[in-house]
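Peer 1: Okay, here's the structure, questions in a sec.
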Amino acid sequence: MKKTLLAFAAALLASTASYAQDPGVTDTEIKIGDVNIMTGPASFIGKAVSVGSKIAAAEINEAGGVNGRKITVVTEDDGYIPARSFQALTKLIEVDGIFALNGTSGTANVLAMMPLIEEHNLPTVVTTAPNELVYNPVRPSVFTIGASYADAFYGQLKYIHEKMGVKDPVYGVIRQDDDFGLAIENGYDRAVKEFGAKDGLRLRFKKGTANYAAEMAQMKQAGVNVLANGGIIAGAANILGEARKLGMDLQVAGVWSEDMPPSVNLTAPAGYDYLVADYVALDGPAIDAFMEKAKKYASPEEVGAINRYTYITYAGLHALAEAMKGCGKELSRACTVEQLKKLKDFDTQGVTAPISFDNEKQLSGTALKIYQLDSKTKTFKTLQDFTQY
Amino acid sequence: MRTGNFKETAGQLVALSDSKVVWGWAAALLVLMVAAPFLIGNYQVTLMVSAMIAVIGAVGLNMLTGTTGLISLGQAGFLAVGAYTNAILMMDYGWPFWLSMPAGGVAAAIISIFVGVPSLRLKGLYLAITTLAFSFIINHIILYAEGLTHGPNGIFVSNAKLFGIDFQRGKALYYLTLGIVVITVFAALNIQRTRIGRAWMAIRDHDIAARVMGIDLVRYKLLAFVVSSFIVGIAGALISLQIRFVNIDVFALILSIEALAIIILGGLGSIAGAILGAIFLSFLPEAIRLFFGLFADPNSSFYTTYVYEIRGIAYGVVIVAILRLKPEGLIGLWRDIRKYWSNWPLAY
Amino acid sequence: MDFFLLLIATGLVSGAAYGLIAMGFALIYKSTGVVNFAQGEMVMLTAYISYSLSTTFGLSFVPLMLLTIPISMLLGLALERIFIRPMLGEPIFAIVMVTVGLAVILRGVTIMIWGPDPFNFTAGISTEVVYVGSVPFYPAQLYLIAALGVLTLAGWIFLRFTRMGIAMRAVAANETAALLVGISVKRVHATAWAFSAAIASVAGVLFAANFKLAPDLWFQGLKSFPAVILGGLDSVIGSAAAGLVIGIIENLFQGYVGQGLREISGFIVIIIVLMVRPYGLFGSKDIERV
């Protein structure tokens, strides 16, 4: 409390400018907030996001900051629990006084934070939860980077349909029974309707299921040979493991979480060369350049935590910084939001497709790259470059 | 110094307190709570709102588990029912929030009758797991009844306005919650003084003996479920107002275990214990964060890498430590302090 | 018919997992009257310890278990001594809540030491598909079912014929009387925790071999609760049997009715059964004297 009163008094004394200065901005510093999943089984996401923010901030600060102001990243943990996300954001806004929000945790979490974001007109870049619910309806200060799960699966199924020559294709989808799974089924639905393919079976499972034997037995009985695999990490691995046990011959489309090295380690033994679609690059010169920067700015164990979530957060913070640069000396939230709306073809050095928020949904990075896993070497091969769906 | 406590009428026997000093302190506490939002920052106000919602839920659960002895792990389900009912009535049917909140409580109470039926046959942990089962089933139904509950998308709750004040904003929400807390605590204290409360305590102590004495087990056990769930449903509705978003993920199973932890840590069977437990466990994560912020060495790389896990472990350690030192819970600690205060310098 | 057999087979596998974890619960409850909410976390922690042993020494299954089981027993003894022994004589509720606190601590410690990433843990078991009749199995799945059988038999022999086992049953029946007769209740409690940890380690290692090692393994502890309750809280053999029953029912439901009803079916079954037999299928009735 004392800190808040002092900060309040200091702010009063310091506001000699003729405009009302937004919180989180001083002449030397800009505070950007992160609400991340730092504890619990999902913390591999939050830790990666944290590293991405750190690298981006360090890189920007070394280049002189945003018009002379250095970026400070303040992180709060929400443990993937929506109620705690709300509380964490309240603390960031009220106690730490952040200017904008970069790290946003999962879908239910960012939705829980929406009322606060809207109330304070907080410039927010959502990179880890590109769910349709985030930009439908569109919120004025929220800018999303990332393709939807629906598009990701539609793209992969389209590739399989057009390029992989499956004989007598029977399609099937297995997905979680929540909003994430629903998005996957929407993409599957679009693909099946468009190709007029045989819709073999649609299955739902509860989050936390480990044993998929019954589900895969049903899939086999329906004769499915093109599978939209909505499981993640251990779930995806177990689904394919069961399929291998039943001797099923499958072309598999997967969630982008399956391009992370730990997931590949789990799933590769099943021997399926599955596809993933992602809106970030996984390899190539862009990522090599990124890793150079990473080694420079982050500690070795932080470098070990890097995965796709790092790349997108890095891109997100750069986009935010670019918009803030456009506001010059008089940095305010309203101005930042305006600049973000105008952002077009912002180059992220190849980490994602160029970012443009100048559309109705304030959505970007929807172009997807399709990769295929070589299960023996555990490496990914690019099948198709960034495409819009 | 008192020589003894002599009561002359039955009214004095069941009075909440016979001492003017106690009532004075209670009034002072109330005044402090009313004045608080003007003394502390916005973030602390939201923390207090969360704590008060926990108090309401704890008082409700205490009525069921502490007073009647029926262990329930289904709180997450009742909270979800209360929250979803409130959200659906407010957003889909346009009810005003001061109607839809009690309706949330009523919905939870009705559901609890079904959950309560097994309590007539089962005891102890068997009952607990059965209530857990119901909580799972309720969550499942909420997820699949998409036409009613918007399925996995969740519902945004807004527009809780009365006389032009938006009750979902900081201070207004605080006073709304404070009012409900006061009413709930008084209601709970009063129920305990009536024949219903005494019947519940008899059931807790030995239900077969209670039956032999003429207490209708079916009626009182189900009543315990109904009243307790009504209160918990209201707490759920308040959660939906505070967070402004309801979704199955918000009411995960872990809430039931946390609710039970609050009751046991505070002291099973006492309303003051439930209040203490709720406040303590709500502020514990903040307290741990402040503690580590002050005393831990921020330059040690071990600390910075593992700070979040360390905080989580500290939470568990504190719970274990309190129970080890005072198995009766926080209320036992309070009673010890009180006894020490009134008996010093004598030992007893 | 093939489909049906497949469902039964997978039911046996997941049922075996539930049964093993449930046996751990039942053993501790039987001897100490405490529901160990940290059982799932013990399963997880012992599995992770085994994983570290496996990657350091590169052992095949049997040597790995021979190394893991004693270490787990030591862990169980340590946990009992540090957390539960000081609470001897306190109300049961307090001890149960201590196990809840212990669960929180173990979860944090596991992620702190091994990180949040999941691991592929084969435990030295081959991953080639084998066939029993027309039904395909992974060897790890067969090991799981076999482990349940072996441990159930061992448990039955232990409780029936050994001194310590009979002492445990005596303590479960009436602690004070057992004390009077000269049974060291403290030693019985310690043994219960040690054996429960051993069973947990077998459950953990085999579960991880089948379903991957991840820091959310502890959730399986909660999912095994229906099995414990169905079998009767204080019946170790009953829990094993009930685990199989629940596993089979869940998979049959999922296979024929579908739509994510898997977990709900288990719970519905226990509600129905409990209404008929309030102490579970094999639990001993609590005789109350008024």
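The values are calculated or read from the model by the stated rules, or taken from the named source; none is laboratory data. Since the model is a prediction, treat every value here as computed from it, not as a measurement. Backbone-built Cβ (ideal geometry, glycine too); neighbour counts: all protein chains shown.
Peer 1: Would you be able to say whether some residue in segment A:219-231 is assigned to a helix (DSSP H, G or I), basic (K, R) and within 28 Å of the chain's Cα centre (by Cα)?
Peer 2: no
Peer 1: Tell me the residue from C:I105, C:I145, C:I125 that is surrounded by 17 or more Cβ atoms within 10 Å (Cβ to Cβ), in contact with a Pro (Cβ under 8 Å, 6 or more places away or on another chain) and either within 22 Å of C:M42 (Cβ to Cβ) or more than 9 Å from every other protein chain (Cβ to nearest Cβ) (or both), please.
Peer 2: Working: C:I105 fails: in contact with a Pro (Cβ under 8 Å, 6 or more places away or on another chain); C:I145 fails: in contact with a Pro (Cβ under 8 Å, 6 or more places away or on another chain).
Matching residue, one of C:I105, C:I145, C:I125: C:I125.
Peer 1: Just checking, which of C:T55, C:T46 is within 19 Å of the chain's Cα centre (by Cα) and of a type outside the set (F, W, Y)? Show your work before the answer.
Peer 2: Details: C:T55 fails: within 19 Å of the chain's Cα centre (by Cα).
Result of the check over C:T55, C:T46: C:T46.
Peer 1: Has segment A:257-276 got any residue that is without any contact (Cβ under 8 Å) to a residue 60 or more places away in the chain, within 30 Å of C:L222 (Cα to Cα), within 21 Å of the chain's Cα centre (by Cα) and in a strand (DSSP E or B)?
Peer 2: No - not one qualifying residue is present in segment A:257-276.
Peer 1: Continuing with this model, one more query. Here are some conditions: (1) within 21 Å of the chain's Cα centre (by Cα); (2) away from chain C (no Cβ under 14 Å). A:M324 meets all but one. Which one does it not meet?
Peer 2: Result: A:M324 passes all but (1).
Peer 1: Here's another thing I want to ask about it. Taking segment B:127-144 only, how many residues are of a type in the set (S, T, N, Q) and at pLDDT 90 or above? Lay out the reasoning, then the answer.
Peer 2: Step one: of segment B:127-144, the residues of a type in the set (S, T, N, Q) are B:130-131, B:135, B:139.
Add one more test, that the residue is at pLDDT 90 or above, and what stays is B:131, B:135.
The qualifying residues number 2.
Peer 1: Would you mind telling me which numbered condition in (1) more than 30 Å from A:E330 (Cβ to Cβ); (2) buried (at least 22 other Cβ atoms within 10 Å of the Cβ) A:A42 fails?
Peer 2: If we test A:A42 against (1) more than 30 Å from A:E330 (Cβ to Cβ); (2) buried (at least 22 other Cβ atoms within 10 Å of the Cβ), just (2) comes out false.
Peer 1: Determine if segment B:64-87 includes at least one residue that is part of a helix (DSSP H, G or I), free of Cβ contacts under 8 Å to residues at least 24 places away in the same chain and within 19 Å of B:F167 (Cβ to Cβ). Full working, then the answer.
Peer 2: Initial filter on segment B:64-87 (part of a helix (DSSP H, G or I)): B:64-67, B:75-87.
Checking the rest, the ones that are also free of Cβ contacts under 8 Å to residues at least 24 places away in the same chain come to none.
Within segment B:64-87 (the criterion being part of a helix (DSSP H, G or I), free of Cβ contacts under 8 Å to residues at least 24 places away in the same chain and within 19 Å of B:F167 (Cβ to Cβ)), the answer is no, since none of the residues qualifies.
Peer 1: Among (1) hydrophobic (A, V, I, L, M, F, W, C); (2) within 14 Å of chain B (Cβ to nearest Cβ); (3) farther than 24 Å from B:I313 by Cβ, which single condition is C:V100 missing?
Peer 2: Of everything listed in (1) hydrophobic (A, V, I, L, M, F, W, C); (2) within 14 Å of chain B (Cβ to nearest Cβ); (3) farther than 24 Å from B:I313 by Cβ, C:V100 misses just condition (3).
Peer 1: Of all residues in segment A:134-154 being surrounded by fewer than 20 Cβ atoms within 10 Å (Cβ to Cβ) and in contact with a helix residue (DSSP H, G or I) (Cβ under 7 Å, 6 or more places away or on another chain), which is nearest to A:D189 (Cα to Cα)?
Peer 2: Among those that are surrounded by fewer than 20 Cβ atoms within 10 Å (Cβ to Cβ) and in contact with a helix residue (DSSP H, G or I) (Cβ under 7 Å, 6 or more places away or on another chain), it is A:R139.
Peer 1: Turning to a different aspect of this structure: Restricting to segment A:335-359, name every residue that is under 15 Å from A:P140 (Cα atoms) and aliphatic (A, V, I, L, M). Give the derivation first.
Peer 2: Step one: of segment A:335-359, the residues under 15 Å from A:P140 (Cα atoms) are A:335-343, A:357-359.
Residues satisfying the conditions are A:V337, A:L340, A:L343.
Peer 1: Continuing with this model, one more query. Taking only segment A:147-195 into account, find how many residues are outside any loop (DSSP other than H, G, I, E, B) and under 27 Å from B:L143 (Cα atoms). Full working, then the answer.
Peer 2: Within segment A:147-195, the subset outside any loop (DSSP other than H, G, I, E, B) is A:149-163, A:170-176, A:179-195.
Cutting the leftovers down to under 27 Å from B:L143 (Cα atoms) gives us A:149-154, A:171-176, A:179-193.
Count: 27.
Peer 1: Do we have any residue at all in segment A:114-137 that's in contact with a Lys or Arg (Cβ under 7 Å, 6 or more places away or on another chain), on the phi > 0 side of the Ramachandran plot and touching a residue at least 40 places away in the same chain (Cβ under 8 Å)?
Peer 2: yes
Peer 1: Just checking, which of B:I239, B:I234, B:I263, B:I279 is more than 30 Å from B:D92 (Cα to Cα), among the aliphatic types (A, V, I, L, M), buried (at least 24 other Cβ atoms within 10 Å of the Cβ) and under 23 Å from the mean Cα position of the chain (by Cα)? Steps first, answer last, please.
Peer 2: On the way: B:I239 fails: more than 30 Å from B:D92 (Cα to Cα); B:I234 fails: more than 30 Å from B:D92 (Cα to Cα); B:I279 fails: buried (at least 24 other Cβ atoms within 10 Å of the Cβ).
Only one candidate qualifies: B:I263.
Peer 1: Of the numbered conditions (1) closer than 28 Å to C:S14 by Cβ; (2) within 14 Å of chain C (Cβ to nearest Cβ), A:P261 fails exactly one; give the number of that condition.
Peer 2: With respect to (1) closer than 28 Å to C:S14 by Cβ; (2) within 14 Å of chain C (Cβ to nearest Cβ), A:P261 is out only on (1).
Peer 1: Still on this structure, please answer the following. Which numbered condition in (1) surrounded by fewer than 20 Cβ atoms within 10 Å (Cβ to Cβ); (2) at pLDDT 90 or above is the only one that B:D92 fails?
Peer 2: Among (1) surrounded by fewer than 20 Cβ atoms within 10 Å (Cβ to Cβ); (2) at pLDDT 90 or above, the lone unmet condition for B:D92 is (2).
Peer 1: Name, by its number, the condition in (1) at pLDDT 90 or above; (2) within 11 Å of another protein chain (Cβ to nearest Cβ) that does not hold for A:E302.
Peer 2: (1)
Peer 1: Could you check segment C:242-290 and list, in sequence order, the residues that are surrounded by 15 or more Cβ atoms within 10 Å (Cβ to Cβ) and β-branched (V, I, T)?
Peer 2: C:V245, C:I246, C:I248, C:I249, C:I264, C:I268, C:V269, C:I270, C:I271, C:V273
Peer 1: Scan segment C:267-280 and tell me whether some residue there is within 8 Å of chain B (Cβ to nearest Cβ), in contact with a Gly (Cβ under 6 Å, 6 or more places away or on another chain) and at positive phi.
Peer 2: At the first step, the residues of segment C:267-280 found to be within 8 Å of chain B (Cβ to nearest Cβ) are C:267-268, C:270-271, C:274-275, C:278-280.
Narrowing further to those that are in contact with a Gly (Cβ under 6 Å, 6 or more places away or on another chain): C:279-280.
Cutting the leftovers down to at positive phi gives us C:280.
Among the residues of segment C:267-280, at least one is within 8 Å of chain B (Cβ to nearest Cβ), in contact with a Gly (Cβ under 6 Å, 6 or more places away or on another chain) and at positive phi, which makes the answer yes.
Peer 1: Among the candidates C:I246, C:I229, C:I199, single out the residue that is without any contact (Cβ under 8 Å) to a residue 60 or more places away in the chain and of a type in the set (V, I, T).
Peer 2: Values: C:I246 fails: without any contact (Cβ under 8 Å) to a residue 60 or more places away in the chain; C:I199 fails: without any contact (Cβ under 8 Å) to a residue 60 or more places away in the chain.
Only one candidate qualifies: C:I229.
Peer 1: So for segment A:120-127 (the condition being closer than 17 Å to A:V255 by Cβ and buried (at least 20 other Cβ atoms within 10 Å of the Cβ)), does at least one residue qualify? Please lay out each step first, then the result.
Peer 2: Our first condition is that a residue be closer than 17 Å to A:V255 by Cβ; within segment A:120-127, this holds for A:127.
Keeping just the survivors that are buried (at least 20 other Cβ atoms within 10 Å of the Cβ) gives A:127.
Yes, that holds for at least one residue.
Peer 1: Which residue pairs have Cβ atoms under 6 Å apart, sit 6 or more places apart or on different chains, and have a first residue in segment A:336-359 that is in the same structural domain as A:K325 (by TED's automatic domain parsing) and free of Cβ contacts under 8 Å to residues at least 40 places away in the same chain and a second that is among the polar types (S, T, N, Q) and surrounded by fewer than 20 Cβ atoms within 10 Å (Cβ to Cβ)?
Peer 2: If the second residue must be among the polar types (S, T, N, Q) and surrounded by fewer than 20 Cβ atoms within 10 Å (Cβ to Cβ), the pairs left are A:K344/A:S356; A:D345/A:S356.
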